[in-house]
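Please treat every number below as a calculation from the coordinates, not as lab data. Worth saying up front: this structure is predicted, and the values here are computed from it rather than measured. Using ideal geometry, Cβ is built from the backbone for each residue, glycine included, and neighbour counts are taken over all protein chains shown.
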Amino acid sequence: MPNLWTVHKKSALASSAVLLLIIACGAALSFAHPRAQSDAPSSPANPIVPPSANIDSTHVVYKWPSQIEWRGRPGGPQMATLVGDSTKPGFYIVLMKFPPHMMSHPHFHTYDRYATVISGTWWVGTGTKFEPDKMVPMPTGSFVTDLAGKVHYDGAKDEPVEIEICGQGPVTMTPAETK
């Protein structure tokens, strides 16, 4: 049996690793593809920038909402890649939009995935049996970790939901439902 110091040290290291990944998720948003402020027309999704404003793209890079490219089928989930490529090895950040009543069924992933609810309520359940009535609501601002190899299911109930997911690729989704 390990002594208390060994257990505490391992726990502290794991907590530090998660904290660094969370910080990287937030910081990596700044490393989206550079684009000068004057390249996009003014709109509600593109703020009006004073003529005297100047951002050095070697210091800060950004995307306005209108510059984020969403992909997916009409009426289905939509995804926008902000950093990396979730299909390849390495760090990635994606935004996901789910329409009402869009749920996954029990599954697991190879690597931990870190999700922040940006809008709406994200519903989360665990176990190999799909039981929507036993899911737990995660309101806007909630942070969820899907642990590697652990079975869960999630999605939107009565309202659209947008989440940000950070993790290590390549993403796998292994079905694990028992009927």
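Start at zero, step by 5 Å, and the Cα-Cα distances of region 80-172 spread as 3, 15, 24, 26, 21, 9, 2, 0 percent across the bins. Spin-label model, ALA45 to THR121: label points 7 Å out along the Cα-to-beta-carbon direction sit 2.8 nm apart. Each peptide among 122-129, 100-107 gets the average number of other Cβ atoms lying within 10 Å of its residues, and from highest to lowest they stand as 122-129, 100-107. For VAL124, the residues 5 or more places off, or on other chains, whose built amide H falls under 5 Å of its own are VAL136, MET138.
For THR58 and THR110, what does the FRET efficiency come to when R0 = 41 Å and r is the distance between their Cβ atoms, rounded to the nearest 0.05? Please list the in-between numbers first.
Numbers: r = 36 Å, r/R0 = 0.87.
E(calc), rounded to 0.05, equals 0.70.
Cα to Cα, under 17 Å, and not fewer than 8 places away if on the same chain: which aspartates and glutamates meet these conditions relative to LYS150? Of all the aspartates and glutamates, those that pass the test against LYS150 - Cα under 17 Å, at least 8 places apart if same chain - are ASP112, GLU131, GLU177. Given a Förster distance of 30 angstrom, what is the FRET efficiency for THR128 paired with ARG73, based on the Cβ-Cβ distance and rounded to 0.05? Rounded to the nearest 0.05, the efficiency is 0.65.
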